[in-house]
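This report refers to the structure that appears directly beneath it.
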Amino acid sequence: MNATNGDYLHLYKRYVDVITVMKKDGQMLPLYLAWDDENGRKLYKIDKVHQIKKAVSEVGGCGIRYDVRISGHERRLFYEKNRWFIESHQP
């Protein structure tokens, strides 16, 4: 399925490691996302955090949603309870 013919792109909840900084005002700011696949682990710098808000994910679950830009791509990164996940097209 693909979006070009109007089909729904299936998203998955993919838990990821995130390197963050805890600011003195208590706000968590994600700096890097670690992506693991068959080629190993790669760190991606989070270029910009556009918005931080409580939200529900399309893939289930809820938490604090960080709308971020990573390598020129807009993504939604969630902090849910004690861990991070991203909405991914790969399980």
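The values are calculated or read from the model by the stated rules, or taken from the named source; none is laboratory data. Because the structure is a prediction, the values reported are computed rather than measured. For neighbour counting, all protein chains shown are included, and Cβ atoms are generated from backbone atoms with ideal geometry for every residue, glycine included. These accessible areas exclude ligands, DNA and RNA; they are computed on the full protein's heavy atoms, side chains included. Shrake-Rupley method; radii C 1.70, N 1.55, O 1.52, S 1.80 Å.
Anything in the stretch 42-58 that is open to solvent by 80 Å² or more (accessible area, probe 1.4 Å) and closer than 15 Å to Ser88 by Cβ? List them, or say none. Residues satisfying the conditions are Lys42, Glu58. A Cβ distance below 6 Å, combined with a sequence gap of six or more or placement on separate chains, defines the contacts here; from the stretch 61-81, residues that are free of Cβ contacts under 8 Å to residues at least 60 places away in the same chain reach residues that are assigned to a loop (DSSP other than H, G, I, E, B) and surrounded by 16 or more Cβ atoms within 10 Å (Cβ to Cβ) in the pairs Phe78/Ser57. Just one of the numbered conditions (1) open to solvent by 90 Å² or more (accessible area, probe 1.4 Å); (2) part of a strand (DSSP E or B) is not true of Leu77: (1).
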